[in-house]
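Worksheet for the structure shown next.
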Amino acid sequence: MTSTDSRAFPADFLFGAATAAYQIEGAAHEDGRTDSIWDTFSRVPGAVINADNGDTACDHYHRYRSDVALMKDLGLQTYRFSTSWSRVQPDGGPVNPKGLDFYSRLVDELLGADIKPWLTLYHWDLPQALEDTGGWTNRDTALRFRDYALNVHDALGDRVGVWTTLNEPWCSSFLSYTAGVHAPGRQSKRDGLAAGHHLLLGHGLATEALRARDADLELGITLNLTVAKPVDVDSAGDRDAARRLDGQFNRFFLDPIFRGSYPSDLLADVAGLGLEDHIKDGDLAQISQRIDSLGVNYYHGELVSDQPAAHPLLAQAPTNRPTGSPFPAADGVFHHPQGLPLTAMQWEVQPDGLRELLTRVNTDYAASAGTSLYVTENGAAYDDVVTPDGRVHDPERTDFLTSHLGAVLDAIDDGAPVKGYFYWSLMDNYEWAWGYEKRFGIVRVDYDTQERTVKDSGAAYASVIRSRALPRG
Ligand code: IFM
């Protein structure tokens, strides 16, 4: 292939895929693991489609060797996984050597396959016992998180060089403690804000402690970020809706981490909801520890207005969500469809948003701090069909993948230091409140037999990785 019909990735760019403990491991009650908030929440009637839970999931706990072999076949250079706090410290208590040993074996398997382990410490599965003492609304949970981070490091720090503290704290605060659609299912604006602050504090405490233990680690956090646009740029109300959403989604996390302060407009939006009561002296300095890399998770952008359904520009729009946003800083913000193709999650496919987001995050935050960027999640669910030949032809997912990889190259051309990309997800898995109904994988999982089948999109990704280039057009 000549250079005119393909676009090359930088020589040091890393290609990977991501998963999370509760979504794939199963073995929920083996070798000492006790319940996390997701084990509890998934059993609350109506919380999760089909009352699905992660008891078995993809049975990765028992199949990690063949799963790593599959990663090797795909040519992955790195694999992002998370450790389960409840496996490592059942009930948040003393370390469980058997639980840690699973991750030790997984890491050895990855290293043996020449795949770089990328470890995330918290992907939403708080031990239920810690939720019973207040969960993330309790400041003490942040201190417990630091201890847990050090315990994992004690076992794996000799072999794992890249550590992410939290995955998507927006979800584990606002979706979980305010919207109530994720575990533990609380519905309180105050609790969401308290949780958000304590998650950030836990990130800062863990980062400082890990750095003190080992100055060579690459440390960071993963945020799910968005591009918030007003429906009508000439409408002050719509512009304010976009500002609020950007504050709630992006700046609530980015500003404390990179600037050591919460944005003043956001503090005004949430005045009276108790956030400032939780911010103790020194917290913001603690949170704004230097990080080496920022993980950006991107799925889609947001077109917003302060008006519900009958916005003049979108009078015909079929799917306005009539209730506005439940989030503390985004009251009265209404999402509007942009008329783009949809995934099975009803999320709009908007690859140019990824370029815009990476460029903005670099310009506003990462560049001055010298922080590298990684796309730590990006992917799409579709209603896959297995054809009689046993294969999954998923051209929409391949288009999604390649168009977003193109957006990453565009962002690199714009000067953003994007050093890698992880497709979400390596394999179909437990999609939280959607149970097993939504499939994001480039590998299909048959949940009856646990058979894995590489989808066409997986083969396409493998081909990009092999050539380290993206075909044009
Ligand atoms: O499955 C999730 C993942 O756990 C976190 N980021 C978004 C994915 C798709 O919803």
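The values are calculated or read from the model by the stated rules, or taken from the named source; none is laboratory data. As the structure is a computational prediction, the values presented were derived from the model and not from experiment. Ideal geometry is used to build each Cβ from the backbone, glycine not excepted, and the neighbour counts take in all protein chains shown. Remember, those area values only see protein heavy atoms, side chains included, never the ligands or the DNA or RNA. Shrake-Rupley method; radii C 1.70, N 1.55, O 1.52, S 1.80 Å.
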Subset of segment 434-446, residues near the ligand (Cβ under 10 Å from one of its atoms) and open to solvent by 30 Å² or more (accessible area, probe 1.4 Å), comes to Trp434
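The rows are residues; the columns are (1) within 16 Å of the ligand (Cβ to nearest atom); (2) in contact (Cβ under 8 Å) with a residue 12 or more places away in the chain; (3) surrounded by fewer than 19 Cβ atoms within 10 Å (Cβ to Cβ).
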| position | (1), (2), (3) |
| --- | --- |
| Trp432 | yes, yes, no |
| Asp448 | no, no, yes |
| Arg452 | no, yes, no |
| Ala459 | no, no, yes |
| Ser463 | no, no, yes |
| Arg466 | no, yes, yes |
| Pro471 | no, yes, yes |
Examine segment 109-124 for a residue that is within 21 Å of Thr34 (Cα to Cα), open to solvent by 10 Å² or more (accessible area, probe 1.4 Å) and not hydrophobic (A, V, I, L, M, F, W, C), and state whether such a residue exists.
no
Mind telling me which of the residues Ala142, Ala129 ends up being out of contact with any Phe, Trp or Tyr (no Cβ under 9 Å at 6 or more places or on another chain) and in contact (Cβ under 8 Å) with a residue 60 or more places away in the chain?
Ala129
Answer with yes or no whether Asn297 is touching a strand residue (DSSP E or B) at 6+ places or on another chain (Cβ under 7 Å), within 28 Å of Asp352 (Cβ to Cβ) and open to solvent by less than 10 Å² (accessible area, probe 1.4 Å).
yes
Which condition does Asp12 not pass, out of (1) surrounded by 15 or more Cβ atoms within 10 Å (Cβ to Cβ); (2) under 23 Å from Leu70 (Cα atoms), if it passes all the others?
(1)
Just a yes or no: is a residue in segment 163-171 surrounded by 23 or more Cβ atoms within 10 Å (Cβ to Cβ), farther than 25 Å from Tyr298 by Cβ and more than 16 Å from the ligand (Cβ to nearest atom)?
no
Is it the case that Ala411 is assigned to a loop (DSSP other than H, G, I, E, B) and more than 15 Å from the ligand (Cβ to nearest atom)?
no
Taking segment 373-408 and keeping only residues that are open to solvent by 10 Å² or more (accessible area, probe 1.4 Å), within 16 Å of the ligand (Cβ to nearest atom) and either farther than 23 Å from Thr19 by Cβ or in contact with a Gly (Cβ under 6 Å, 6 or more places away or on another chain) (or both), one is left with Tyr374
Going by the structure shown, is Ser86 of a type in the set (Gly, Ala, Ser) and within 16 Å of the ligand (Cβ to nearest atom)?
no
Return the pair list, or none, for Cβ contacts closer than 8 Å from residues in segment 78-90 that are part of a strand (DSSP E or B) to residues that are open to solvent by 10 Å² or more (accessible area, probe 1.4 Å) and hydrophobic (A, V, I, L, M, F, W, C), at least 6 apart or on different chains.
Thr78/Leu14
Given the criteria touching a residue at least 60 places away in the same chain (Cβ under 8 Å), open to solvent by less than 50 Å² (accessible area, probe 1.4 Å), part of a strand (DSSP E or B) and away from the ligand (no atom under 16 Å from the Cβ), does Gly420 qualify?
yes
Please work out if Ala285 is of a type outside the set (Ser, Thr, Tyr) and under 27 Å from Thr371 (Cα atoms).
yes
For Gln346, work out the one condition from (1) under 17 Å from the mean Cα position of the chain (by Cα); (2) open to solvent by 60 Å² or more (accessible area, probe 1.4 Å) it doesn't fulfil.
(1)
Does Val68 qualify as being touching a strand residue (DSSP E or B) at 6+ places or on another chain (Cβ under 6 Å) and crowded, with 16+ Cβ neighbours inside 10 Å?
no
